[in-house]
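A.B. asks: The following block contains the structure, expressed as structure tokens.
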Amino acid sequence: PDVIMDAVAEVSQTLEHFSESVEVNDLLDALPAACYDIIAQESLCEKFTVIIDRYQELPHLLDPHLEGLVNRLLGMGRDTNSHPVLVHQAFKYLSIVTKVRGYKYVLRLFPHEVTDLEPVLSLLQNQDQTDCETWETRYMLLLWLSLVAMVPFDMSRFDGSGISESGQRRASVVDRILDLAMRYLQVSDKSRDAAALLLAKFITRPDMTRQRLPEVLDWLLQLLMTSDCQTMSGMVCVHGSLSTMVCLLCTLL
């Protein structure tokens, strides 16, 4: 333990600013071309991780460069013309930054206008929740949605007539958000934690508290009581339900 503490102290003394900003920008410049080369992807990601992890003890040193870094990665991740691999790499890099600086601080730099809701929601709905290689994308999108969904506006404005061009009834934005949050509460990766935050924040909106809070609480209790704690999947569901309740209490108190 003493050796570790000495090493941490030595790093803290030598780090005075984010000295690798140029190198990080060079790594981001190389991301698009690496989409077709798995070895290049792994090499770039390893270099990026090593650089960012150096600042775990002094994460505030990243702050002067954080907005530019987040904007560059989000630009790649939300661009509809980006290669799918580039999209996932961008959100993976964002998750690395978030791990070091903390999601609350990083999320403040994410766009959160009314116009951001549908693109973020649609991008999340198009993800494959069984793909263990892309969990960072789902994790970051759930966090982003937890921010956008709290902007005060009338959710029904997004639904129009509620009828699709084919004449079928479309799910409302509220139902789509709740469905995603509930589904991701039952996965075994870190997306579950982001889903708990999303669900807790969303149903404590003033309009949602009146409309949907009782039924969501019933669903959480039902999930808790019917999950088999002797199985891994059951434990995952119990963890998701309890995590949401904790987030709810933190939000309401």
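A.B. asks: Using a 1.4 Å probe on the protein heavy atoms, what percent of the accessible area of the range 15-60 belongs to carbon and sulfur?
C.D. replies: Of all accessible area on the range 15-60, carbon and sulfur atoms account for 53 percent.
A.B. asks: I'd like the projected area of the range 63-165, averaged over all directions, using the convex hull of its alpha carbons. Report it in nm² with one decimal.
C.D. replies: Orientation-averaged projected area of the Cα hull: 7.6 nm².
A.B. asks: Of the residues Gln125, Gln230, Gln41, which exhibits the maximal mean-square fluctuation in a Gaussian network model of the chain defined by a 10 Å Cα contact cut-off?
C.D. replies: Gln230
A.B. asks: Can you tell me the alpha carbon radius of gyration of the chain divided by the globular rule-of-thumb value 2.2 N^0.38 Å?
C.D. replies: Dividing the Cα Rg of the chain by 2.2 N^0.38 Å gives 1.11.
A.B. asks: Sticking with this structure for a sec: So what is the relative contact order of the range 17-119, in percent, for Cα pairs below 8 Å that sit 6 or more residues apart?
C.D. replies: Dividing the mean separation by the residue count of the range 17-119 yields 29 percent.
A.B. asks: First compute the accessible area of the range 151-253 with a 1.4 Å probe, then give the percent of it belonging to carbon and sulfur atoms.
C.D. replies: Carbon and sulfur: 57 percent of the exposed surface of the range 151-253.
A.B. asks: Sticking with this one: Taking the Cα-to-Cβ direction at Glu46 and at Thr251 and moving 7 Å from each Cα, how far apart do the two end points lie in nm?
C.D. replies: 4.1
A.B. asks: If I model a spin label as a point 7 Å beyond the Cα along the Cα-Cβ vector, how far apart are those points for Phe158 and Gln230 in nm?
C.D. replies: Between Phe158 and Gln230, the simple spin-label model gives 4.2 nm.
A.B. asks: So, by mean Cβ neighbours within 10 angstrom, what's the order for 97-105, 177-185 with the highest one leading?
C.D. replies: Put in order of decreasing packing, that is 177-185, 97-105.
A.B. asks: Which of rounded, prolate or oblate describes the range 173-228 when judged by the alpha-carbon gyration tensor and an a/c cut-off of 1.5?
C.D. replies: Since a/c reaches 1.5 but b/c is at least a/b, the shape of the range 173-228 is classed as oblate.
A.B. asks: Averaged per residue, what accessible area in Å² does the chain show with a 1.4 Å probe, protein chains only?
C.D. replies: Here the residues of the chain average 54 Å² of exposed surface.
A.B. asks: Okay, moving on. What percent does the relative contact order of the chain come to when contacts are Cα pairs within less than 8 Å and at least six residues apart?
C.D. replies: In percent, rounded to a whole number, it is 13.
The values are calculated or read from the model by the stated rules, or taken from the named source; none is laboratory data. Because the structure is predicted, anything quoted here is derived from the model rather than measured. No Cβ is skipped: glycine too gets one built from the backbone with ideal geometry, and neighbour counts run over all protein chains shown. Note: areas computed on protein heavy atoms with side chains; ligands, DNA, RNA excluded. Shrake-Rupley method; radii C 1.70, N 1.55, O 1.52, S 1.80 Å.
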